[in-house]
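Chemist: Before we start, here is the structure in question, set down as structure tokens.
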Amino acid sequence: MAKIAVIGTGYVGCVSGACLADFGNHVICVDTNAEKTNSLNKGIIPIYEPGLEPIVARNKAGGRLLFTTDLEAALKDCNVVFIAVGTPPKDDGSADLVYVEKAARQIGKLIDKYSVIVNKSTVPIGTGRKVIGWVSEEITRRKQNIEFDVVSNPEFLREGCAVYDFTHPDRIVIGSESERARNIMKDVYRSLFLNEKTPYIETNLESAEMIKYASNAFLATKITFINEIANLCEKTGANVRDVAKALGKDGRIGSKFLHPGPGYGGSCFPKDTMALARIGKENAEAQTVVEAVIEANEKQKLRAAKKIESVLGSLEGKTIAIFGLAFKPNTDDMRESPSIAICEYLAKRGANLRLFDPAAMKEAEWRLESIKKSIFFAKDEFDAITGADALVILTEWNQFRNMDLEKVKEVLNAPYFFDMRNIYNPEIAAAAGLHYCGIGSFSK
């Protein structure tokens with residue numbers, strides 16, 4: 001049983017800390033925001049993540065999980081320290097390591113015994129070596145000789161499925177050259193390590209850091225590829241649903257991430273592809289595929305908006321209902337969501353927007369501040385489509401998947417239905433009297 005400190009109670013830190021406690025470890029999560037730590041200690045979760053609240057409550061009650069602002073006290077009780085702070089993109093696309101450096105230097109100032117410092121944040125290749133340097137500098141200033149090891153242990157959490165992903169991982173990547181640190185990490189993940197189905201991959205620091213970027217860039221590429229195939233299908237008479245199904249049956253390709261849509265968003269794919277492209281430039285090894293993916297994804301967002309305009313004609317004075325604002329279902333996260341670019345485009349063309357999302361309405365209020373005069377926030381789906389000239393589905397929440405389309409047709413002012421996630425059968429939509437426009441096939 002390990003004693004663990006987690007620095008940062010954002011998405012990664014909160015989920016990781018709670019799940020590590022659920023594995024039987026004693027975990028102290030540290031954050032500089034006293035209001036947030038007080039709320040967490042009361043069981044109030046600051047992020048929308050299904051299944052997280054009961055895990056926090058269970059482990060709080062069991063005495064295995066605590067939230068605090070006191071890093072010094074936390075480090076006295078722990079020999080494993082996870083850095084799970086944000087690495088937001090700079091203007092040039094590179095990852096900003098200011099919070100990682102601050103955490104590393106704080107650790108160097110405070111540790112008084114051998115510690116394993118685990119980088120959970122997504123960071124550029126070479127950051128682990130920088131963390132070693134930052135911690136060493138602070139220990140040297142104290143004129144002490146305290147041993148430590150740095151480990152890269154990237155996260156692979158999908159928002160909306162993060163608890164499952166942490167407790168049922170495809171692999172655990174441990175980047176370290178220290179056998180002592182690797183053994184301690186095996187103890188941290190003992191519950192998973194005993195499960196023979198969970199591969200345990202040991203690498204050096206740089207390889208672990210690269211694995212995270214390469215994984216996200218590959219998935220972003222796969223999404224962008226099927227989006228471009230879908231666009232071509234619309235021009236040639238092919239149907240992307242059939243194409244994607246056949247592609248997915250190929251064992252070399254697989255069926256995941258072959259669902260066309262208005263582009264990817266979120267906290268990971270946009271940030272990590274930009275960072276990887278920047279790392280390539282800094283090392284004179286251009287990541288041309290990734291650079292093309294970034295460009296194509298931005299075009300895909302606008303292409304979806306322009307498709308609506310091309311069907312409806314002039315948008316001036318038109319009312320459009322938008323279902324789904326989060327970048328994916330089961331989250332309230334709108335970071336880099338296609339809905340932002342699409343809503344802004346439609347509003348600037350004169351459209352009035354009636355918006356509804358099961359979780360992201362609060363975030364939408366400030367994300368869409370620039371077009372607030374064109375927005376009405378609806379209380380539910382049918383409130384959103386009342387009097388609308390078109391319905392657009394941008395996020396495939398389950399509650400949008402089985403609507404009474406005949407009732408939708410009755411409530412809409414005009415029968416236009418833009419299904420940007422292909423969750424409806426075109427023939428069924430057409431039979432209900434709707435002018436259906438999906439992605440990757442001719443409109444019905």
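Chemist: Applying the selection to segment 245-274, what residues are farther than 25 Å from LEU325 by Cβ and either in the same structural domain as LYS90 (by TED's automatic domain parsing) or touching a Gly at 6+ places or on another chain (Cβ under 8 Å) (or both)?
Modeler: GLY248, GLY254, SER255
Chemist: Restricting to helices (runs of 4 or more DSSP H) lying wholly in segment 337-444: which have 1 or more residues that are of a type outside the set (Gly, Ala, Ser), in contact with a helix residue (DSSP H, G or I) (Cβ under 8 Å, 6 or more places away or on another chain) and closer than 26 Å to GLY160 by Cβ?
Modeler: 338-348, 361-367, 381-385, 405-411
Chemist: I'd like the full set of residues that are over 26 Å from the mean Cα position of the chain (by Cα) and over 20 Å from VAL81 (Cβ atoms), limited to segment 168-209.
Modeler: Of everything in segment 168-209, those that are over 26 Å from the mean Cα position of the chain (by Cα) and over 20 Å from VAL81 (Cβ atoms) turn out to be LEU194, ASN195, GLU196.
Chemist: Another question about this same structure. I'd like the full set of residues that are among the β-branched types (Val, Ile, Thr) and within 16 Å of VAL392 (Cβ to Cβ), limited to segment 317-369.
Modeler: If the condition is that a residue be among the β-branched types (Val, Ile, Thr) and within 16 Å of VAL392 (Cβ to Cβ), then THR319, ILE320, ILE322, ILE340, ILE342 are the ones that fit.
Chemist: For segment 134-218, which helices (runs of 4 or more DSSP H) that fit wholly inside it have 1 or more residues that are out of contact with any His (no Cβ under 6 Å at 6 or more places or on another chain) and more than 18 Å from GLY24 (Cα to Cα)?
Modeler: Hits in segment 134-218: 162-167, 179-188.
Chemist: Determine whether ILE107 is assigned to a helix (DSSP H, G or I) and in contact (Cβ under 8 Å) with a residue 12 or more places away in the chain.
Modeler: yes
Chemist: If only one of SER152, SER191, SER176 is crowded, with 21+ Cβ neighbours inside 10 Å and either farther than 18 Å from VAL12 by Cα or at pLDDT below 95 (or both), which one is it?
Modeler: SER176
Chemist: Would a scan of segment 291-308 turn up a residue that is modelled with pLDDT of 95 or more, part of a loop (DSSP other than H, G, I, E, B) and closer than 21 Å to GLU396 by Cα?
Modeler: no
Chemist: Any residue in segment 238-249 that is in contact (Cβ under 8 Å) with a residue 12 or more places away in the chain and buried (at least 23 other Cβ atoms within 10 Å of the Cβ)?
Modeler: Yes.
Chemist: On to the next question. Given the criteria aromatic (Phe, Trp, Tyr), modelled with pLDDT of 95 or more and surrounded by 21 or more Cβ atoms within 10 Å (Cβ to Cβ), does PHE417 qualify?
Modeler: Here the answer is yes, as PHE417 does meet what is asked.
The values are calculated or read from the model by the stated rules, or taken from the named source; none is laboratory data. From a predicted model like this one, the values you see are computed outputs, not experimental measurements. Please note: Cβ atoms are built from the backbone with ideal geometry, for glycine as well, and neighbour counts cover all protein chains shown.
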